[in-house]
Amino acid sequence: MDTDLTEIRPLERHVDTLLRIDLVGGDSLLLAIEAQGRKDPDKRSSWAYYLAHLYAKFRYPPVLLVVCRDKGTAEWAAEPIRIGLEKHPSLAVFPLVLGPHNVPMITDAARAAEDLPMAVFSAITHSNDHDIAAILDALAEALRATDADAAAVFAEFTEAGLGTTSARELWRNLMGTGLSHFRGFVAESFRDEGRVEGRVESRGEDILRILAVRGVEVPDEVRQRITGCKDLDVLDV
């Protein structure tokens with residue numbers, strides 16, 4: 001087999017959130033956080049790749065934290081990933097997993113203020129729970145009394161972690177109406193969506209330019225399919 005491990009075709013790989021944690025003793029570690037809404041077998045190889053890449057690039061110990069919204073997905077995500085021989089794996093990944101089964105529901109603003117990161121994880125892991133409105137209200141109230149810059153980070157992380165759930169709209173409404181100093185964050189979120197649309201348009205134009213340079217004739221029907229496609233993954237293929 002070819003000994004050249006260079007990836008000829010670049011692939012976009014994005015971890016949901018990446019934090020560098022500086023410890024009291026002077027050491028640092030990387031915390032890669034993934035919000036996982038369902039079982040996805042492809043993620044297991046991706047997670048192993050993320051950790052190996054992060055360590056090779058930054059030389060800090062990487063830690064994988066997977067945040068799930070249901071117990072079944074959490075149990076699946078917590079299974080060790082062993083790569084290599086069955087009795088002697090060359091690479092093993094043991095994700096840390098948070099889910100509704102091991103994260104408390106924090107519906108009290110004072111308690112949320114005592115531990116904002118845990119309050120955020122409570123909102124994400126219980127986003128499908130019937131008490132999610134109370135959890136988000138408590139978190140929003142706690143953020144009102146927090147430094148605006150730090151609170152904006154927690155607000156953005158919460159919005160990203162809620163994914164496509166209905167709780168995300170509840171949170172956006174709180175950010176837009178209940179927290180006046182976060183209105184800039186909400187506007188930035190919508191600007192981000194505009195940037196995604198811009199990337200889609202740019203990707204379609206790039207494809208047509210590449211085909212033209214290579215002398216590939218593009219029928220009008222195909223050109224319309226490319227320029228009309230709004231799915232970045234499809235355009236990548």
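Only the coordinates and a few stated rules stand behind these numbers; no lab work does. Bear in mind that the values here come from a model prediction, so they are computed numbers and not experimental data. Cβ atoms come from the backbone with ideal geometry, glycine included; neighbour counts cover every protein chain shown.
Annotations for the structure displayed:
- The alpha-carbon of K57 sits under 27 angstrom from the alpha-carbons of these lysines, leaving out residues fewer than 8 places away in its chain: K43.
- Equivalent ellipsoid semi-axes, the chain, via Cα gyration tensor eigenvalues times 5, rooted, Å: 35, 27, 17
- Arranged from fewest to most other beta-carbon atoms within 10 Å of their beta carbon, I83, I135 become I83, I135.
- Reach of K39 by Cα under 27 Å, taken over lysines that are not fewer than 8 positions away in the same chain: K71, K87, K230
- DSSP assigns beta bridges within region 7-102; of those with both partners inside it, close to 50 percent run antiparallel.
- Pairwise label distance in nanometres, K57 with D4, each label 7 Å out on the Cα-Cβ vector: 2.3 nm
- Each stretch of four or more DSSP H residues adds -39500 (n - 2.57); spread over every residue of the chain, this sum gives -16000 deg cm²/dmol at 222 nm.
- Net charge dipole size for region 7-102 [Lys, Arg +1 and Asp, Glu -1 on Cβ; Debye, nearest 20]: 120 debye
- Dipole of the chain [Lys/Arg +1, Asp/Glu -1 at C-beta], most positive-end residue of A140, A52, S90: S90
- Mean separation of Cα contacts under 8 Å (6+ apart) over length of the chain, as relative contact order %: 11 percent
- Per residue, the average separation of C-alpha pairs within less than 8 Å and at least 6 apart gives region 7-102 a relative contact order of 24 percent.
- Counting neighbouring Cβ atoms within 10 Å and putting the fewest first, the residues V120, V237, V93 line up as V237, V93, V120.
- Placing +1 on each Lys and Arg Cβ and -1 on each Asp and Glu Cβ, with no other charges, gives the chain a dipole about its Cα centre of roughly 340 debye.
- Springs between Cα atoms under 10 Å define the GNM used for the chain, and in it the highest mean-square fluctuation of P41, P95, P117 occurs at P41.
- Fraction of antiparallel bridges per DSSP, the chain only, in percent to nearest 5: 50 percent
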